[in-house]
Amino acid sequence: MKIAIAGAGAMGSRFGVKLQQAGNAVTLIDNWAAHVQAIQANGLVVTKDGHDTVVPMTAALPQDVHSTFDLVILFTKAMQMDHMLQELKAQLSNQPAVLVLANGIGNVETIERYVPQQNIVAGTTVWSSSLTGPGHITVTGTGSISLQAIAPDQFHDLDRIVDTLNGAGLKASPAPDVLAAIWKKAGLNSVLNTYCTLFDCNIAEFGALPNWRELTAGVLDEFQAVAAAANVAFDAQADTDLIAAQFAPDKNGDHYPSMHQDMANRRPTEIDFLNGYVAQLGQKLRVPAPNNALLTQLIHSQEALHGIA
Ligand code: NAD
């Protein structure tokens, strides 16, 4: 398959390497010029278990991409997605399938502004990766992907996409209700990412707080009320259990969530697509979500204090 990875940071690069190694023709498309230049000059360096592997890959800035693709995998941060889609309008006119696995709620609405519903596949992934520097990622562990076509009755290529991902060892399987899966992951991120960033702590330290359950319920009870009004399945108790399962050091206890890393690296966070999305949707649907609105403001204030635009 001819595949474009649009947004080839930590995750996009990891997926790109695996798909290329499985025999697909992969182009990494990214707006970070230093990253693109490093890959063009030296290949992508992948560090795993302390060993570096150099993988020669095709990389380009969006404006330099002139080919078309069978599949575009969008892996920007949620707030970068609209801009990337604008830049790829010419490639999208060829009607490729577009797969999005980025975190946050609302990505599908963004994509629908540029891509017909029947070409969109959405999902979640528990693969992980870190961008160590331009042209360099560090990867650990394995993961899996759950995905579903947004208009299942009109999209007939899902098996081919699932087979392509599985051929690359990415462990993909169709999800019965991808919107519920996206909200479930967003619920977890809206607790762990947000509080660990505000408290400057890791996941185990959050879990050791005597009031972690109250803090979690403050976010997830509002998620549940807003989800119900939006006809999305969401179970606050199940999400709380999922969060509790992350506290052990052999799970994710030692991990600082990506929002914490973004704040530390002085980069914008995905808060508007997590707590912020639920606060806004709640306002629209007349379901109050004051805790999520306040947490969104607190993260934006921290961004402002750090001079993050
Ligand atoms: P990333 O920050 O590594 O990359 C996203 C974009 O930001 C890329 O275009 C990248 O080039 C650019 N970027 C990164 N650092 C930059 C810098 N210093 N200067 C200029 N540009 C820079 O993002 P990611 O971790 O790959 O995440 C992509 C999506 O996947 C997000 O929605 C994230 O929440 C989600 N996700 C990430 C992980 C993970 O382990 N990283 C796991 C699951 C889901």
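Here are the numbers for this structure:
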item: Those residues of the stretch 128-154 which are away from the ligand (no atom under 16 Å from the Cβ), within 19 Å of A102 (Cβ to Cβ) and in a loop (DSSP other than H, G, I, E, B), in sequence order; result: I150
item: Number of the condition not met by I308 [criteria: (1) under 20 Å from L220 (Cα atoms); (2) among the aliphatic types (A, V, I, L, M); (3) part of a loop (DSSP other than H, G, I, E, B)]; result: (1)
item: Top-ranked residue in the stretch 237-250 [being in contact (Cβ under 8 Å) with a residue 24 or more places away in the chain and surrounded by fewer than 18 Cβ atoms within 10 Å (Cβ to Cβ); ranked as nearest to the ligand (Cβ to nearest atom)]; result: L242
item: Residue in the stretch 26-48 that is surrounded by 23 or more Cβ atoms within 10 Å (Cβ to Cβ) and of a type in the set (F, W, Y) present; result: no
item: Hits in the stretch 4-50 (condition: assigned to a strand (DSSP E or B), more than 10 Å from the ligand (Cβ to nearest atom), of a type outside the set (S, T, N, Q) and under 25 Å from Q261 (Cβ atoms)); result: L44, V45, V46, K48
item: Pairs where the first residue, in the stretch 92-104, is farther than 9 Å from T68 by Cα and without any contact (Cβ under 8 Å) to a residue 60 or more places away in the chain and the second is in a loop (DSSP other than H, G, I, E, B) and away from the ligand (no atom under 15 Å from the Cβ), C-beta under 6 Å, 6+ apart; result: V98/V115
item: Single match in G106, G141, G167 (criterion: of a type in the set (G, A, S) and on the phi < 0 side of the Ramachandran plot); result: G167
item: Residue list for the stretch 106-127, filter: in a loop (DSSP other than H, G, I, E, B), surrounded by 17 or more Cβ atoms within 10 Å (Cβ to Cβ) and within 11 Å of the ligand (Cβ to nearest atom); result: W127
item: Which listed residue is under 17 Å from D200 (Cβ atoms), exposed (fewer than 13 other Cβ atoms within 10 Å of the Cβ) and either out of contact with any strand residue (DSSP E or B) (no Cβ under 7 Å at 6 or more places or on another chain) or free of Cβ contacts under 8 Å to residues at least 24 places away in the same chain (or both), from H260, H255, H306; result: H306
item: Filter pass, I161 being under 19 Å from the mean Cα position of the chain (by Cα), part of a helix (DSSP H, G or I) and more than 13 Å from the ligand (Cβ to nearest atom); result: yes
item: Subset of the stretch 51-97 (residues that are under 20 Å from T110 (Cβ atoms), within 16 Å of the ligand (Cβ to nearest atom) and among the small types (G, A, S)); result: A78
item: Matching option when the condition is of a type in the set (S, T, Y), at pLDDT 95 or above and touching a Gly at 6+ places or on another chain (Cβ under 8 Å), among T240, T296; result: T296
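The values are calculated or read from the model by the stated rules, or taken from the named source; none is laboratory data. Nothing here was measured: the structure is a model prediction, and the numbers come from that model. Using ideal geometry, Cβ is built from the backbone for each residue, glycine included, and neighbour counts are taken over all protein chains shown.
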